[in-house]
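The values are calculated or read from the model by the stated rules, or taken from the named source; none is laboratory data. Just so you know, these numbers come straight off a predicted model, no measurement behind them. With ideal geometry, Cβ positions are generated from the backbone for all residues, glycine too; neighbour counts draw on all protein chains shown.
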Amino acid sequence: MIDVAFIGLSIGAILLLVSLGLAITYGSMGVINMAHGEMVMLGAYTNVLLGIWLNVGFLAAIPVAFMATALVGFVIERLVVRRLYGRLLDTMLATWGIAILLQEAVRLDLGLSLVGINIEGLGKGLQKVAAPDWLAGVVTIAGVQINAYRGFIILLTAVLTTATWILLYRTPLGIQVRAIMRNPKMAAACGINVERVNALTFAYGSGLAGIAGVMMSGFMTVSPEMGAPVVVDGFLVVVTGGLGSLLGTVWSAGILGEINGFVSSVTTDVVARAAVFAVLILIIVFRPNGLFSFRAR
Amino acid sequence: MALKRGHLDLIIYGAFVAVILVAPLWLDDFWVNRLSKYLVYGMLGIAISLSWGYAGILNLGQGLFFGAGAYMLAMSLKLASPTSLQSSDTPVPDFMLWNSEPGAVANLCCINRVSFLWIPFQHQWFGLIAGVALPSLIAGLLGTVLFRRRLAGAFVSIITLAFVLMIRLLVIEEQPLTNGFNGLTDLALLTIGNFQFDPYDRATYYLVAVSLSLALIGARLLVGTRAGLILQGIRDDQARARCLGFNVPAFQTLFFSVSAAIAGLAGMLYVVVAQFASPTFLDISFSITMVIWAAVGGRSSLLGACIGAIVINMIEATASETAALLDLWKVIIGLIFVLAVLFLPRGIAGLAGSVSDRLFAMWSRGRGQAELPSGAAQPAE
Amino acid sequence: MVTTTRRSFLKTSALGAAGAVASPYLVGGVRAAAPIDVGVLFSLTGGMSIIETSLKDATLLAVSEINAKGGVLGRQINPIIEDGATDPKTFSERASKLAIQDKTETIFGLYVSATRKAVLPVIEKRNKLLFYPTFYEGYECSRNVIYTGAVVNQIVWNAVPWIVEKLGKKKFFIVGSNFLYSRETSKVTKSRIKQAGAQWIADEYLEFGSAEAASLVNKIKESGADVVFSNIVGSSVIAFYREYRNQGLTQDKLPIFSTVTTEIEIAALGPEFSAGSYTSLPYFQAIDSDANKSFVERYRAFVKDPKAVTHQPVESSYFQVYLWKQAVEKAGSFQADAVREAVRGQEFDAPDGRVRVDPENLHTWFTPRIAQWQPDGQGKIVDAAPAPVRPLPYAAYGETDDNLFCTPHGLDQKKLKS
């Protein structure tokens, strides 16, 4: 029983890891970033490339992936998202187009494969990622067998969530972000540089996705298409959790993860997925603002 | 004769219908069939535009209605196919035979737990009607539940997304009912009276072209009615419409269902033209791509969305069939999406609209008539 | 409307130039006849592009080799390459283009069964030939398809008794991806397990493409099984094998035996996750024969990647072009009907051994093998059948050598029903 609960928790943790960045950008900017899955993918590839070119382990890859994807996110925000401020659905479509471009960039070795140059670690193939040995296998805590890698993911997610919470609730920047979440116009009127904060927020959210990518590269296939299924799950979690609520995202990731874990242990994985969608739809229908929400509607 | 703005619409629509009806004269079999598929996609563009541009409901799961329509007709055509008739007196789809438990009766009633659902499809007319009725029904139910709760735009979109994902999962899972991943193949030709619609015949092309024209003109007339104008008012400001006393959910549900019906019809026509139905119709990438067609063509313009769908697919086909662009065509498509959303918010139709506005203003001025104010309340193109 | 695309023209001139330089037959000033168009239809983009691009490359390797030796019936082969984009709708359209607009009599291509089903209508209606190089679930008997991939009886029938006898495992946990290949293979496996006197404990499926295998592996752990029979395909393979080890299961105590995992997934997994597991297929890159070693070298040179791996469908994509060439030469014609009759019974020395097109059902005779994956990423052959085995696409329904369901007259549905 505890095994199943642990699995549910770890599924939830992975969901949360991906959704955290989305929650920030959606909550504060109201932007639905369909390229978020590709940020995860870029994080995974950063891990691969660092492993091949610099021979560093994935712990070192985490901060590098954060910086790299944050940078990409920053650029996207400046070039595209900024011009679509206020047009929620258009941002969604534009970022979908960007997602395609990012996928192709990796698939084509950043364009170099067209002229015959192949970069090892990029391209359309499956990439191998060596998961660290010290995380393989099982740890036994209080009689319960815990998969070390998943345990690490749970820990990392907890750390990141706490860090994000501290950032949001205990720093001046966080106050600005929260102010923008409540009412962007008033925040601007109070002298907050909305544009700068938005750019940083988007970058931060993308950076978190990059870290998620590093962790996922340890157990998922790394290929240019790995990001696509990720973004939909992330969105469903965020919308269920409630606009602008970190707590809501945590709860909804946890609940959906546990539902997936329990249902799939009783029936099949496929039924579990369908059940998760059904629960999600019900939550949104009966609590349209999600589980928790700040914005008054 | 004074040339009014409204007449311009008529001329453009008429020109479009004329072009698609006349095109087969210059095209070979392959292109006629290919163009039929694009016209089907054009219908999807119209459906999206009706729902999104006019009703303000961005349906990210339009593939659900397309797929539902496709599967309904495919089921009837499957039962009519010779492959279903060879092992028993009554038709049973071949995949059900393969999936059945040993010793099961080879009859639709009882070969597996869910096969009885196929029984009404032995009549082709049932499949034809269900292809439009089922999507409308689903849309009606969905709409009643969603719109009554006053859900805002983004939430509705996310729910349609989750819904299509869920249904896709179930369709693939229920192999004894739907043949899962492989979809429904080995279909008979659509037969009406004594006439068989071969996908490469001109007749099939005209079936599609006429359906598209009817859908286009029908939708255009619909948005010009009082209901259509109210709908646009709802799109622009829900709260105000509600305060004015209109039954907002009812209007939204109505147009959502009409949009679904058009998508269902498109699905049926696709099955006639391509001869298969597949769960890939329910992929979210397909549904989102449909929205992009409408965005590029012009979401508030039925004809624009229709043309957008046709043009983008042509570009895609041409690019991917050109050797030099074989690797690059997806990049081209991605760029088109991003640039269109950024710089052409009203799509190509919007661009064409502004250009024609200016030309028209110049013409009127030249004729000594008063300039038409650009913000006049005209029905959209 | 459009007859010669720029691409086919360039290819023609390139191949023509190559042929003129390399081939002794053309040096003497003999005027080459017009090139013959063939279709090459694989996913070059999308989820399956990784695998299918290698199949396209293998096809083109065979084409270039044949062209260098003078082509077929004195004509150079002009491959018209199209991208199916891992989408049945796109495949259907491209197949139409090849069959109707480009008028190719023969198409080499396809991987995923759903895409093959989507192109069948146009291939059959226009009476073209499709050479299909992928191992698949069977249950098909189209006279317009030459199936050069293995079918389930050539993969599972040898595997199950071997597991029971040589590995001593009697409790099978069957896993698969949620689609037709896995489900049908599972059916055949179950009946074979019963015949071998063992038992199957469970039959579970992952959603196609899912990366979340935690629940499944947990169930395996608690089931008491001693071998996992895996029909999982695609990106789920990596997630599954990784999760397996991460949850503490080892290949020596509870081995994974797969009908799908090939060198491509093994390379992406890494030895710590895959070493010790097994796969049953006719072809492995490690087959120690001169023919195979030469093939691997030539393939690597052709794709300009010294570390490229060859796997089962790559081999089939390669030798099926030769089978076609032989059939055309025997028939003296490129027409589909003539080639179909001529290809029945054709034999070829493929990299893995002798292969033969069955004259009755147009599938291919293969030598079933079993390999255990080694830390170097190659499969060590631990079992090989003494001779090629006849393909029986309807084996799950009682088809046997003396009771064929699929013959030149088509599928005998009455036999299927019983």
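Just to be sure I understand, how many residues within region C:118-156 are within 14 Å of chain B (Cβ to nearest Cβ) and of a type in the set (G, A, S)? Summing the residues that are within 14 Å of chain B (Cβ to nearest Cβ) and of a type in the set (G, A, S) in region C:118-156 gives 3.
Of the residues A:I7, A:I14, the single one that is touching a residue at least 24 places away in the same chain (Cβ under 8 Å) and touching a strand residue (DSSP E or B) at 6+ places or on another chain (Cβ under 9 Å) is A:I7.
A quick yes/no check of all residues on (1) at pLDDT below 75; (2) buried (at least 20 other Cβ atoms within 10 Å of the Cβ); (3) closer than 23 Å to C:P271 by Cβ:
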{"position": "A:A130", "(1), (2), (3)": "yes, no, yes"}
{"position": "A:A136", "(1), (2), (3)": "yes, no, yes"}
{"position": "A:V144", "(1), (2), (3)": "yes, no, no"}
{"position": "A:I153", "(1), (2), (3)": "no, yes, no"}
{"position": "A:L167", "(1), (2), (3)": "no, no, no"}
{"position": "A:P172", "(1), (2), (3)": "no, no, no"}
{"position": "A:A179", "(1), (2), (3)": "no, no, no"}
{"position": "A:Y204", "(1), (2), (3)": "no, yes, no"}
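If only one of A:V80, A:V72 is surrounded by fewer than 23 Cβ atoms within 10 Å (Cβ to Cβ), at pLDDT 70 or above and facing another protein chain (nearest Cβ under 7 Å), which one is it? Exactly one residue qualifies, and that residue is A:V80. Out of (1) within 14 Å of chain A (Cβ to nearest Cβ); (2) in contact (Cβ under 8 Å) with a residue 60 or more places away in the chain, the odd one out for C:K304 is which? Every condition holds for C:K304 apart from (2).
Within 27 Å of B:E321 (Cα to Cα), modelled with pLDDT under 95, under 16 Å from the mean Cα position of the chain (by Cα) and not polar (S, T, N, Q): does that describe C:K117? Against the criterion (within 27 Å of B:E321 (Cα to Cα), modelled with pLDDT under 95, under 16 Å from the mean Cα position of the chain (by Cα) and not polar (S, T, N, Q)), C:K117 qualifies. Of the residues A:L280, A:L247, the single one that is modelled with pLDDT of 80 or more, facing chain B (nearest Cβ under 10 Å) and in a helix (DSSP H, G or I) is A:L280.
Among B:S84, B:S51, B:S100, which is the only one that is within 14 Å of chain C (Cβ to nearest Cβ) and crowded, with 22+ Cβ neighbours inside 10 Å? Only one candidate qualifies: B:S84.
Checking each residue in region C:209-240 for being out of contact with any Gly (no Cβ under 7 Å at 6 or more places or on another chain), within 14 Å of another protein chain (Cβ to nearest Cβ) and of a type in the set (A, V, I, L, M, F, W, C) picks out C:A211, C:A213, C:A214, C:L216, C:V217, C:I220, C:V233, C:V237, C:I238, C:A239, C:F240. Among the residues of region B:322-333, are any within 10 Å of chain A (Cβ to nearest Cβ), within 22 Å of the chain's Cα centre (by Cα) and within 30 Å of B:A260 (Cβ to Cβ)? Yes, region B:322-333 contains a residue that is within 10 Å of chain A (Cβ to nearest Cβ), within 22 Å of the chain's Cα centre (by Cα) and within 30 Å of B:A260 (Cβ to Cβ).
Only a single criterion out of (1) more than 22 Å from A:L15 (Cβ to Cβ); (2) in contact with an Asp or Glu (Cβ under 7 Å, 6 or more places away or on another chain) is not satisfied by A:F202, namely (1). The residues of region B:170-179 that are in a helix (DSSP H, G or I) and modelled with pLDDT of 85 or more, listed by number, are B:L170, B:V171, B:I172, B:L177, B:T178. Pairing residues of region C:376-388 that are closer than 18 Å to C:I163 by Cα and among the β-branched types (V, I, T) with residues that are modelled with pLDDT of 90 or more and not in a loop (DSSP other than H, G, I, E, B), at Cβ distances under 7 Å and at least 6 apart in sequence or on separate chains, gives C:I381/C:R369; C:I381/C:A371; C:V382/C:I370; C:V382/C:A371; C:V382/C:Q372. Selection of region B:188-201 for residues being assigned to a strand (DSSP E or B) and touching a strand residue (DSSP E or B) at 6+ places or on another chain (Cβ under 6 Å) yields B:L190, B:F197. One residue alone among A:G37, A:G27 is in a helix (DSSP H, G or I), within 14 Å of chain B (Cβ to nearest Cβ) and at pLDDT below 80, and that residue is A:G27. The residues on offer are B:G233, B:G193, B:G228, and the sole one that is out of contact with any Pro (no Cβ under 7 Å at 6 or more places or on another chain) and at positive phi is B:G193. Using the structure shown, decide if C:V40 is part of a strand (DSSP E or B) and more than 11 Å from chain B (Cβ to nearest Cβ). Spelling it out, C:V40 is indeed part of a strand (DSSP E or B) and more than 11 Å from chain B (Cβ to nearest Cβ). The residues on offer are B:L190, B:L165, and the sole one that is buried (at least 22 other Cβ atoms within 10 Å of the Cβ) and at pLDDT 90 or above is B:L190.
Evaluating A:N260 against the criteria (1) more than 9 Å from every other protein chain (Cβ to nearest Cβ); (2) buried (at least 20 other Cβ atoms within 10 Å of the Cβ); (3) over 18 Å from the mean Cα position of the chain (by Cα) leaves one unmet condition, (1). With respect to the conditions (1) more than 29 Å from B:P91 (Cα to Cα); (2) of a type outside the set (A, V, I, L, M, F, W, C); (3) touching a residue at least 40 places away in the same chain (Cβ under 8 Å), C:G410 lacks only one, and its number is (1).
Taking the options B:V273, B:V258, name whichever one is touching a Lys or Arg at 6+ places or on another chain (Cβ under 8 Å) and in a helix (DSSP H, G or I). Of B:V273, B:V258, the one residue that is touching a Lys or Arg at 6+ places or on another chain (Cβ under 8 Å) and in a helix (DSSP H, G or I) is B:V273. Evaluated against (1) in contact with a helix residue (DSSP H, G or I) (Cβ under 8 Å, 6 or more places away or on another chain); (2) more than 23 Å from A:L247 (Cβ to Cβ); (3) part of a helix (DSSP H, G or I), A:F219 falls short on exactly one condition, (3).
Among the residues of region B:124-138, is any under 27 Å from C:S113 (Cα atoms), part of a helix (DSSP H, G or I) and more than 7 Å from every other protein chain (Cβ to nearest Cβ)? Spell out how you get there, then give the answer.
Going residue by residue through region B:124-138, those that are under 27 Å from C:S113 (Cα atoms) are B:127, B:131.
If we keep only those that are part of a helix (DSSP H, G or I) too, we end up with B:127, B:131.
From what is left, the residues that are more than 7 Å from every other protein chain (Cβ to nearest Cβ) are B:127, B:131.
Scanning region B:124-138, I find at least one residue that is under 27 Å from C:S113 (Cα atoms), part of a helix (DSSP H, G or I) and more than 7 Å from every other protein chain (Cβ to nearest Cβ), so the answer is yes.
Determine if region B:140-152 includes at least one residue that is more than 14 Å from chain A (Cβ to nearest Cβ), in a helix (DSSP H, G or I) and not β-branched (V, I, T).
yes
If we scan region B:295-304, do we find a residue that is in contact (Cβ under 8 Å) with a residue 40 or more places away in the chain, touching an Asp or Glu at 6+ places or on another chain (Cβ under 8 Å) and within 11 Å of another protein chain (Cβ to nearest Cβ)? Checking region B:295-304: at least one residue is in contact (Cβ under 8 Å) with a residue 40 or more places away in the chain, touching an Asp or Glu at 6+ places or on another chain (Cβ under 8 Å) and within 11 Å of another protein chain (Cβ to nearest Cβ). When A:M226 is tested against (1) part of a loop (DSSP other than H, G, I, E, B); (2) farther than 30 Å from C:I174 by Cα; (3) of a type outside the set (S, T, N, Q), just one condition goes unmet, and that condition is (2).
Per-residue answers, yes or no, for (1) part of a loop (DSSP other than H, G, I, E, B); (2) touching a residue at least 12 places away in the same chain (Cβ under 8 Å); (3) within 7 Å of another protein chain (Cβ to nearest Cβ); (4) in contact with a Pro (Cβ under 9 Å, 6 or more places away or on another chain):
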site	(1), (2), (3), (4)
B:I158	no, yes, yes, no
B:L161	no, yes, yes, no
B:L165	no, yes, yes, no
B:R168	no, yes, no, yes
B:F181	no, yes, yes, yes
B:D186	yes, yes, no, yes
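Only a single item in (1) more than 27 Å from B:R149 (Cβ to Cβ); (2) in contact with a helix residue (DSSP H, G or I) (Cβ under 7 Å, 6 or more places away or on another chain) is not met by B:A241, and it is number (1).
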